[in-house]
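Enquirer: Below is the structure I would like to discuss, written out as structure tokens.
The values are calculated or read from the model by the stated rules, or taken from the named source; none is laboratory data. Since the structure is predicted, the reported quantities are computational estimates derived from the model, not experimental observations. No Cβ is skipped: glycine too gets one built from the backbone with ideal geometry, and neighbour counts run over all protein chains shown. Only protein heavy atoms, including side chains, enter the accessible area calculation; ligands, DNA and RNA are left aside. Shrake-Rupley method; radii C 1.70, N 1.55, O 1.52, S 1.80 Å.
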Amino acid sequence: MRRTLRLALIAASLVASTAFASPTNPQNGVEYVTLAAPQPVQATGKKVEVVEFFAYHCPACFALEPGLNAWVKKQGDNIVLRRVHLPFQGPNDPEAHLFLTLEAMGKLDEMHSKIFHAVHVQRVRLMKDEQIIDWVSKNGIDRAKFLEVWNSFSVMTKLRRLPQVSNAYQVSGTPTIIIDGKYQTSPGQIADKLKMKDGKQIMDASFQVLDALVAKAAKTK
């Protein structure tokens with residue numbers, strides 16, 4: 001009898017937690033998870049750091065990009081966005097190498113959306129070093145300067161550290177977003193937990209969760 005009652009209470013608790021789960025009131029373990037080891041942030045003052053782990057070849061990242069840019073603009077001075085290219089091919093990942101090189105050259109703002117367009121609209125293959133070097137040299141970047149920065153000690157050091165960085169944030173897929181170095185969420189997690197299939201609904205829910213997590217983090221500043 002006691003066992004039956006205990007199981008009934010557990011079941012009722014699970015039903016209740018599922019019922020209250022929503023994008024506007026995200027629950028730990030449902031729409032997001034809290035990292036076991038919070039990571040240091042680069043944002044200062046009252047600004048909340050938002051880190052997007054992404055990959056140029058990732059269709060979901062491409063789909064997220066316009067909405068994410070609009071959301072960042074709406075947040076204004078509340079947040080600082082950092083992007084980290086997940087090294088799917090390991091410590092010498094060509095796409096991550098491209099991202100870090102353009103970042104070091106101060107060309108990332110100019111080229112970021114162009115790369116997404118090339119990969120997902122024009123179907124350009126940028127998964128190997130030679131493909132990337134050829135493409136950038138045809139798209140307004142001085143080849144010699146690009147190669148100089150591409151092979152620089154600082155860029156190579158950051159590239160080889162990326163697997164360690166992604167492991168510290170417990171990130172294995174893209175897009176994944178970290179709020180304030182401690183809250184991890186993704187459109188895929190939100191869709192799975194809330195049983196969503198419609199793309200627009202998933203995106204809307206994702207930004208509602210981000211709004212809530214930024215507000216939650218801001219309270220501790």
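Enquirer: So what J values fall out for the range 56-68 if you push phi through Karplus, 6.51 cos²θ - 1.76 cosθ + 1.60 with θ = phi - 60°, rounded to Hz, Gly and Pro as x?
Expert: Values per residue, Gly and Pro as x: 4, 7, 7, x, 5, 5, 4, 5, 6, 3, x, x, 5 Hz.
Enquirer: Given an 8 Å cut-off on Cα distances and at least 6 residues of separation, report the relative contact order of the chain as a percent.
Expert: After rounding, I find 34 percent.
Enquirer: Quickly estimate the mean residue ellipticity at 222 nm for the chain, helices only: each DSSP H run with n ≥ 4 gives -39500 (n - 2.57), and the total goes over all residues, rounded to 500.
Expert: Helix-only estimate at 222 nm: -17500 deg cm²/dmol.
Enquirer: Need one number: nm distance between label points at residue 39 and residue 22, each 7 Å from Cα along Cα→Cβ, rounded to one decimal.
Expert: Placing both labels 7 Å beyond Cα along the Cβ direction yields 3.2 nm.
Enquirer: Length gain on complete extension for the stretch residue 168 to residue 148, per 0.36 nm per residue less the alpha carbon to alpha carbon distance?
Expert: That works out to 4.2 nm of additional length.
Enquirer: Compute the angle between helix 108-120 and the longest alpha-carbon principal axis of the chain, please, reported from 0 to 90 degrees and rounded to the nearest 10.
Expert: Taking Cα atoms only, the helix is inclined about 80 degrees.
Enquirer: Could you compute the FRET efficiency for residue 122 and residue 73, with r as their C-beta to C-beta distance and R0 at 25 Å, rounded to 0.05?
Expert: 0.45
Enquirer: Compute the normalised compactness of the range 118-221: alpha-carbon radius of gyration over 2.2 N^0.38 Å, N being the residue count.
Expert: 1.45
Enquirer: Wrap a convex hull around the Cα atoms of the range 86-126, take a quarter of its surface area, and give that in square nanometres.
Expert: Hull-based average projected area comes out at 3.0 nm².
Enquirer: Restricting the count to DSSP beta bridges whose residues both fall in the chain, what percent are antiparallel, rounded to a multiple of 5?
Expert: 55 percent
Enquirer: Something else: List residues of the range 26-70, by number, whose backbone nitrogen lies under 18 Å from a label position 7 Å along Cα→C-beta of residue 201.
Expert: So the set is 26, 31.
Enquirer: Any idea what the alpha-carbon Rg over 2.2 N^0.38 Å comes to for the range 45-186?
Expert: My calculation over the Cα atoms of the range 45-186 gives 1.03.
Enquirer: Using packing as a proxy for protection, rank 71-79, 189-197 so that the peptide with the highest average count of other Cβ atoms within 10 Å comes first.
Expert: Output ranking for 71-79, 189-197: 189-197, 71-79.
Enquirer: Round to a whole number: what % of the accessible area of the chain belongs to carbon and sulfur, probe 1.4 Å?
Expert: 54 percent
Enquirer: May I pose another question? Positive end of the charge dipole of the chain (Lys, Arg +1 and Asp, Glu -1 on Cβ, about the Cα centre): tell me which of 22, 124, 84 has its Cα farthest that way.
Expert: Of the candidates, 22 comes out farthest on the positive side.
Enquirer: Would you mind checking which residues have amide H under 5 Å from residue 32's amide H? H placed 1.01 Å from N; only 5 or more apart, or other chain.
Expert: Distant-sequence amide H within range of residue 32: 27.
Enquirer: Additional query: For the range 107-155, what does the convex hull of the Cα positions come to per residue, in cubic angstrom?
Expert: Residue-normalised Cα hull volume stands at 80 Å³.
Enquirer: With everything on Cα atoms, drop me the angle between helix 94-105 and the longest principal axis of the chain, reported from 0 to 90° to the nearest 10.
Expert: Taking Cα atoms only, the helix is inclined about 70 degrees.
Enquirer: Hey, another quick one. When the Karplus curve 6.51 cos²θ - 1.76 cosθ + 1.60 is applied with θ = phi - 60°, which whole-Hz ³J(HN,Hα) does each residue of the range 153-165 get, with x for Gly and Pro?
Expert: Result, rounded to whole Hz: 4, 5, 5, 5, 5, 5, 4, 6, 8, 4, x, 5, 5.
Enquirer: Among all the lysines, which ones have a C-alpha under 23 Å from residue 197's C-alpha, if same-chain residues fewer than 8 places away are not counted?
Expert: Correct list for residue 197: empty, as no lysines qualify.
Enquirer: Okay, moving on. Can you list the residues, at least 5 places off or on another chain, whose amide H is less than 5 Å from the amide H of residue 82, using H built in the peptide plane?
Expert: It is 50, 51, 52, by chain and number.
Enquirer: Leaving out ligands and nucleic acids, note down the accessible area per residue over the range 141-181 with a 1.4 angstrom probe, in whole Å².
Expert: 52 Å²
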